Amino acid sequence: MRTAERRCQKIFRRAAIARLRSELRDGRALKGYFEETFRIKPKEVMLSTIELRGKMPKLKAPKRDPVSADLENAIALHSYYSGLDETQASDPRLWAYLSHVEFRKYALVRWGLSGSFKVLQGEAEKIKAINQIIDHWFVSGNDRDLRRHAIARLWWAAHLTFAPWERDPEFFAGLKRKDPYHYTRVLLATQDIYQQVLERAMGRSNRILISILDYLDQNPDFAASRERIRGFTKELNLLYGTKKLIGLDRGSLSLLIESVASDAAGDGAVTTQGGSEDGRRASSAGRNEGAAVPAAGD
Amino acid sequence: MKVNAKSYPHPVLGNEDDLDGSFSVDFRYELGRKEILLLPAFSIKSPAIEELIRKNRASFLAEVECRSTFFRTCFSTRKPLERFSIPAARVRERVTVGFYVCADEDVKGYRPSGCHPDYEGATFDVEKGDVLAAGGFCSFIAEKEFDPLRPPVSSFMAIREGRHHEGLMEIDYDEEKIAIELSKADWREYAGIRGQKAAEGVLHAAIVFPVLVSAIQHVQNPNSDYEGKNWFGRLQTILETKGLRERDPLEAAQKILENPVARALSGFSALLEPGSEHEDS
C-alpha cells in the first residue's frame, strides 16, 4: 500500500529575509518587484513544520477590481492553511515566502507597484515604492504588518472571524450560523470595515470584534456609510480608554455598541460615559480640561 | 509598574493623584510548552473600592494583549491571589498585562473619600465596565529560550558584514533585530577575533555598547518609530526587568553589558600578556 507523501510548507530562512530587505532598502532589488520571476537560492529556504494537504489554492486578482476577490481568496487561503496556529501564522518567514514565491503573481497584481521600473523617477518615488513593498510583502513582528501583508491579511481576516461560536461558545452561542465564514463576509464587505475595525487596538479582542461585526451585519445601512463606520469605531476606541468593554457580558457589550453607533449615526443622544452633571462639571472645570483620552493600547 | 495617566470622567485610583490610597500588583508568570500561567497578587488600599469588591459590585481585571498575534483577552476575579492561563500558541514575543479594578454594575452616586480637591463635592454615576483603579501594566517575552534576567545581547542585536569595502559601521533599526553592519574590511578583522574570550569585552565596548545606548534612547522615546519591532519589545522587557527603564541610557547600557569598559580593559591586559595569543585558540 502506498502512503501519502508528507508535504511541508517551505519558508525563508531569517538570513534570506535580512538580505531581501537590505537589498530592497538600498534599491538594488526594487526592479525585481516588477517581475513575475523570482530567483531563490536553495540554501535560503527551509522546510517548516506546517503540513500541507491538497492542492494549493490559486488566488484571484482581477485586474479591474482586485479588491472584489478578497473574500473568496481569504476563504480559500484559510481553508488550505487551516492547521496554522497563531504563533506559526505570525512568523515573518512564512509570509515573506508566500508573497515572494507561492503567491507572487497575486501579490504583484494586488499589492505590486504600478507602471514599470523605468518610469520610477527620482529618489522620493523610489523610496515610496520601497516602502510600499516593505508594507505589503514583509512582516516584522506585529499585527499591523499582518493586517497589511498581501497574503497574511487574508488568512487573518478569515481566522479572526471563523465560526466564533466554536471558539467562544459561551459568549457567542446565540450567533451560530450555518456558514462558518459568515463574519468573514461582513469584515471583508468593504475595505473600510476591515481597516477601521482591525486597525483599532480593541479589534484584537475577538469578543469586541465579532460583536461589532454582528452589529454591522444587523444594520447594513449603517455599515454602508464610510463616515459612520469611522466615527463609530473612533468613538468606541476612545471609550475603551476608560471602560473595559472587553470585560462586559455579551448583552451589555451589544447594548453599548448600539448606543455608540446610534450616536455616530446622529439619530439619538445616547450617553456613553458615566458621570452625573456634577461629575461632568468637575471633570471639565478641573483637572481633565482639554485632555484627550488616549486610545487603549494604541 | 508603569501607569499611563488618562482623562477619566470620574476619579480613578492610581491615575495620578485622583484618589488617596494605593493599588499595586505583584505579578509573576510561568512559561510552559502548552500554556502560560499568569499569577497576579492584587493589593488595594481604598475603602470605597474595597467595599465595592466585597459586595460583588467590582472586580480585579487582568487584560492580556499580544500585538504580534491579534490577541487580547481579560480575566476577572475578586480574589487577591489568582492564577490564570493562556494557551502558549496564541502569543509570541512580547505579551503585555494590564491590571485594573472595574465596576461590575452601575454605581449611582459614587463618591469615594480622599478625592483630589478638584473633585470636591462631586458625585459620579459609574457604569458597568468603568475603570475604578489602574494598577499599571508590565510585559514579558513569550519565548522559552528567552530569559530576560540573563538576556543574551544577541537576542535583539546582530553584527554582520555590510556592503561597503571600507568605512564606518552602519546601524539598521528597521529589522527584527538591530543590525550592525561592518565594512567588509572591518568584518574580516571582526571575524578573526570573535569568539575569543579576551576579545569579547573589547568588542562589546567598541561595537555593541554605543549601539545599545542609542537603542535605549529609542525605547525611552514615547514617540519612537520602532515600537513594533521585536528588538524594541525585548529591550524594553530587559529594561523593565532590571529596573532600568527610567535610567540614563549610558548607565542602563553599561549595566546590561555588565560594565563593558572594565571588561574591555581587562581583555586588553589579557591580550597583551606574553603568551596570551594562544588563549582560547
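So the values come out like this:
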quantity: Test for B:Arg94: is it open to solvent by 40 Å² or more (accessible area, probe 1.4 Å), farther than 14 Å from B:Ala133 by Cα, in contact with a Phe, Trp or Tyr (Cβ under 8 Å, 6 or more places away or on another chain) and in contact (Cβ under 8 Å) with a residue 24 or more places away in the chain; calculated: yes
quantity: Single condition A:Glu23 does not satisfy, out of (1) closer than 26 Å to A:Asp85 by Cα; (2) within 14 Å of chain B (Cβ to nearest Cβ); (3) modelled with pLDDT of 90 or more; (4) open to solvent by 30 Å² or more (accessible area, probe 1.4 Å); calculated: (1)
quantity: Those residues of the range B:75-97 which are farther than 30 Å from B:Glu176 by Cα and part of a loop (DSSP other than H, G, I, E, B), in sequence order; calculated: B:Arg78, B:Lys79, B:Pro80, B:Glu82, B:Arg83
quantity: Hits in the range A:168-193 - residues which are open to solvent by 10 Å² or more (accessible area, probe 1.4 Å), under 19 Å from B:Thr69 (Cβ atoms) and either among the aromatic types (Phe, Trp, Tyr) or more than 11 Å from chain B (Cβ to nearest Cβ) (or both); calculated: none
quantity: Any chance A:Val139 is outside any helix (DSSP H, G or I), among the β-branched types (Val, Ile, Thr) and within 14 Å of chain B (Cβ to nearest Cβ); calculated: yes
quantity: Answer residue from the range A:226-268, given it is small (Gly, Ala, Ser), more than 14 Å from chain B (Cβ to nearest Cβ) and loosely packed, with under 15 Cβ neighbours inside 10 Å and is farthest from the chain's Cα centre (by Cα) among those; calculated: A:Gly268
quantity: Sole exception among (1) within 14 Å of chain A (Cβ to nearest Cβ); (2) under 23 Å from B:Ser139 (Cα atoms); (3) touching a strand residue (DSSP E or B) at 6+ places or on another chain (Cβ under 9 Å) for B:Leu212, by number; calculated: (1)
quantity: Yes/no for A:Tyr97 being modelled with pLDDT of 90 or more, buried (at least 21 other Cβ atoms within 10 Å of the Cβ), under 28 Å from B:Phe71 (Cβ atoms) and in contact with a Phe, Trp or Tyr (Cβ under 9 Å, 6 or more places away or on another chain); calculated: yes
quantity: Sole exception among (1) among the small types (Gly, Ala, Ser); (2) more than 22 Å from A:Phe162 (Cα to Cα); (3) surrounded by fewer than 18 Cβ atoms within 10 Å (Cβ to Cβ); (4) modelled with pLDDT of 90 or more for A:Ser79, by number; calculated: (2)
quantity: A:Lys31 surrounded by 11 or more Cβ atoms within 10 Å (Cβ to Cβ), at pLDDT 90 or above and not in a helix (DSSP H, G or I); calculated: no
quantity: Single match in B:Ala58, B:Ala5, B:Ala48, B:Ala41 (criterion: buried (at least 22 other Cβ atoms within 10 Å of the Cβ) and aliphatic (A, V, I, L, M)); calculated: B:Ala58
quantity: Some residue of the range A:123-132 being within 16 Å of the chain's Cα centre (by Cα) and either open to solvent by 30 Å² or more (accessible area, probe 1.4 Å) or of a type in the set (Gly, Ala, Ser) (or both); calculated: no
quantity: Strands (runs of 3 or more DSSP E) within the range B:105-206 that include 1 or more residues assigned by TED's automatic domain parsing to the domain that holds B:Arg67 and open to solvent by less than 60 Å² (accessible area, probe 1.4 Å); calculated: B:107-110, B:124-126, B:131-141
quantity: Residue match in the range A:40-58 (condition: within 14 Å of chain B (Cβ to nearest Cβ), closer than 30 Å to A:Arg167 by Cα, touching a residue at least 40 places away in the same chain (Cβ under 8 Å) and open to solvent by 60 Å² or more (accessible area, probe 1.4 Å)); calculated: yes
quantity: Among residues of the range A:133-152, those that are open to solvent by 10 Å² or more (accessible area, probe 1.4 Å) and under 23 Å from A:Lys58 (Cβ atoms), counted; calculated: 2
quantity: A:Trp165 part of a helix (DSSP H, G or I) and either open to solvent by less than 10 Å² (accessible area, probe 1.4 Å) or within 28 Å of A:Arg93 (Cα to Cα) (or both); calculated: no
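The rows are residues; the columns are (1) facing another protein chain (nearest Cβ under 9 Å); (2) under 24 Å from A:Asp249 (Cβ atoms).
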| residue | (1), (2) |
| --- | --- |
| B:Ser24 | no, no |
| B:Ala41 | no, no |
| B:Ser46 | no, no |
| B:Ser76 | yes, yes |
| B:Val97 | no, yes |
| B:Ala103 | yes, yes |
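The values are calculated or read from the model by the stated rules, or taken from the named source; none is laboratory data. Bear in mind the structure is a predicted one, so any value in this text is a computation, not a measurement. A quick note on method: Cβ atoms are made from the backbone with ideal geometry, for glycine too, and the neighbour counts reach across all protein chains shown. Just so you know, the surface numbers come from the protein's heavy atoms only, side chains and all, with ligands and any DNA or RNA stripped out. Shrake-Rupley method; radii C 1.70, N 1.55, O 1.52, S 1.80 Å.
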